[in-house]
Amino acid sequence: MHRRSLLRTAVVGVSAAAFGGSLWRGAAHASPAQPGPGPYGALGAADAQGLQLPRGFTGRVIARSGQRVANSSYTWHSAPDGGACFVDGRGWIYVSNSEIDPAGGAGAVRFDSSGTVTGAYRILSDTRLNCAGGATPWQTWLSCEEISRGYVYETDPFGVRAAVRRDAMGRFKHEAAAADPVRRTVYLTEDESNGCLYRFTPTTWGDLSSGRLQVLTAGSAASGSFTWTDIPDPDGSPTATRSQVAGAKRFNGGEGCHYADDTVWFTTKGDNRVWQLNLLSATYELAYDDSLIGGGGAPLTGVDNVTGSASGDLYVAEDGGSMDICVITPGGVVAPFLRLQGQSGSEITGPAFSPDGSRLYFSSQRGTSGSASGGITYEVTGPFRT
């Protein structure tokens, strides 16, 4: 059986695209990805929503901040951020964070098998600046607070069980989380200019109430080998977690994080890089670095949230830049997949594929107004590579 199939089998019930895909496995990458013609061709003219897409793709708005979502009593939250999809019978659920302070939290939209919105509801309340997060193989959403000594909250996408604060996962400026069902651990990024990359290994896989928090230790070079070292005090007080271990590798503004096929992909906004953590060889390297692209032609700027597709493509959302979601192919080509016009005061957040990989969800956090109350959440449908 192909490794991708094995991986999908390990995460039954969660969007296959959230964990699957053989991203660049086996390819030799002596240098980071470079611009080139993308797999879907050029972007077309902007539609009525200001959305530019390749030929064969269409988009629609599924929710707007401050307005009720179709077939529900839920008013869509402000500043929609990180998101993920979950299988729900023959349909699915898209979960979205709210990056406001106070009263952040997260909400969810439910779809039937045809993609019709059938409901929406809140799954987390009374938290602060819920930025990114990540799905777990047991169908929960980890919502992360992007504040000093912030928490991770484990939430129920189905809206049945109450959210639970997971103190053991550490208190720091949390950004994203990516679950690794092979090693039974969760990788965590930190949005600080001198932040770190962590992993949390629960005592029992599937129960995040206790476990071991560690930080990646390595040299200062852009590539090399790494190890994991225990954090003595995950509470982060009086000494911040990132300052507790000598030799902890520093990353300039950790953002999105994605696991697939023995690899962790994460972004750093301070230096506009995409990093590749090779778990089998315990080495790290750059997958994308705009400073190495000559002539000022970097296609991807303001790297932020990231997800992967079943084909092995990586999708990286921009915070600013040209308001693109760019695709990075297994062959190392990076190119815009979509672009939003007239929303330069916003950022793109929460990219996530439906379980069958045919629909991509994402948000413009501040929309055309440039304010948190102007958020817009979209769905794009089309011939995605499989």
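The values are calculated or read from the model by the stated rules, or taken from the named source; none is laboratory data. For clarity, every value in this text was computed on a predicted model and none was experimentally measured. A quick note on method: Cβ atoms are made from the backbone with ideal geometry, for glycine too, and the neighbour counts reach across all protein chains shown. The accessibility values were calculated without ligands, DNA or RNA, using every heavy atom of the protein model including side chains. Shrake-Rupley method; radii C 1.70, N 1.55, O 1.52, S 1.80 Å.
I'd like to verify a number: residues in the range 267-316 that are modelled with pLDDT of 95 or more, among the β-branched types (Val, Ile, Thr) and open to solvent by 40 Å² or more (accessible area, probe 1.4 Å), how many?
The qualifying residues number 1.
From Ser358, Ser363, Ser369, Ser373, which residue is in contact with a Gly (Cβ under 6 Å, 6 or more places away or on another chain), at pLDDT 95 or above and open to solvent by 10 Å² or more (accessible area, probe 1.4 Å)?
On the way: Ser358 fails: in contact with a Gly (Cβ under 6 Å, 6 or more places away or on another chain); Ser363 fails: open to solvent by 10 Å² or more (accessible area, probe 1.4 Å); Ser369 fails: in contact with a Gly (Cβ under 6 Å, 6 or more places away or on another chain).
Exactly one of Ser358, Ser363, Ser369, Ser373 is in contact with a Gly (Cβ under 6 Å, 6 or more places away or on another chain), at pLDDT 95 or above and open to solvent by 10 Å² or more (accessible area, probe 1.4 Å), namely Ser373.
Within the range 144-162, can you find the residues that are farther than 17 Å from Pro202 by Cβ, of a type outside the set (D, E, K, R) and in contact (Cβ under 8 Å) with a residue 24 or more places away in the chain?
Residues satisfying the conditions are Ile147, Ser148, Gly150, Pro157, Phe158, Gly159.
Within the range 310-332, how many residues are closer than 19 Å to Gln52 by Cβ, in contact with a strand residue (DSSP E or B) (Cβ under 7 Å, 6 or more places away or on another chain) and either assigned to a loop (DSSP other than H, G, I, E, B) or of a type outside the set (D, E, K, R) (or both)?
Step one: filter the range 310-332 for residues closer than 19 Å to Gln52 by Cβ, giving 313, 315-328.
Imposing the further condition that a residue be in contact with a strand residue (DSSP E or B) (Cβ under 7 Å, 6 or more places away or on another chain) reduces the set to 313, 315-319, 322-328.
Now drop any that are not either assigned to a loop (DSSP other than H, G, I, E, B) or of a type outside the set (D, E, K, R) (or both), which leaves 313, 315-317, 319, 322-323, 325-328.
Final tally of qualifying residues: 11.
Give me a count of the residues in the range 274-309 that are outside any strand (DSSP E or B) and among the acidic types (Asp, Glu).
Within the range 274-309, residues that are outside any strand (DSSP E or B) and among the acidic types (Asp, Glu) number 1.
For Asn252, are the conditions met, namely being closer than 30 Å to Gly320 by Cα, open to solvent by less than 50 Å² (accessible area, probe 1.4 Å) and modelled with pLDDT of 95 or more?
When the stated conditions are applied, Asn252 does not pass them.
Just the residues that are open to solvent by less than 40 Å² (accessible area, probe 1.4 Å), in a strand (DSSP E or B) and of a type outside the set (Asp, Glu), please, taken from the range 187-200.
Hits for the range 187-200 are Tyr187, Leu188, Thr189, Gly195, Leu197, Tyr198, Phe200.
Kindly indicate whether Leu338 is open to solvent by less than 40 Å² (accessible area, probe 1.4 Å) and either in a strand (DSSP E or B) or touching a residue at least 60 places away in the same chain (Cβ under 8 Å) (or both).
Here the answer is yes, as Leu338 does meet what is asked.
Give me the residue from the range 151-168 that is within 18 Å of the chain's Cα centre (by Cα) and not acidic (Asp, Glu) and, out of that set, surrounded by the fewest Cβ atoms within 10 Å (Cβ to Cβ).
Across the range 151-168, the extreme among qualifying residues is Tyr151.
Select from the range 36-65 the residues that are open to solvent by less than 60 Å² (accessible area, probe 1.4 Å) and in a strand (DSSP E or B) and list them in ascending order.
Leu43, Leu51, Gln52, Pro54, Gly59, Val61, Ile62, Ala63
Kindly indicate whether Tyr121 is part of a strand (DSSP E or B), over 18 Å from Gly374 (Cβ atoms) and open to solvent by less than 10 Å² (accessible area, probe 1.4 Å).
no
Tally time: how many residues in the range 66-116 are under 15 Å from Pro157 (Cβ atoms), touching a helix residue (DSSP H, G or I) at 6+ places or on another chain (Cβ under 7 Å) and surrounded by fewer than 16 Cβ atoms within 10 Å (Cβ to Cβ)?
Number satisfying all stated conditions: 0.
Please work out which one of (1) open to solvent by less than 10 Å² (accessible area, probe 1.4 Å); (2) not in a strand (DSSP E or B) is the condition Leu142 fails and give its number.
For Leu142, the exception is condition (2).
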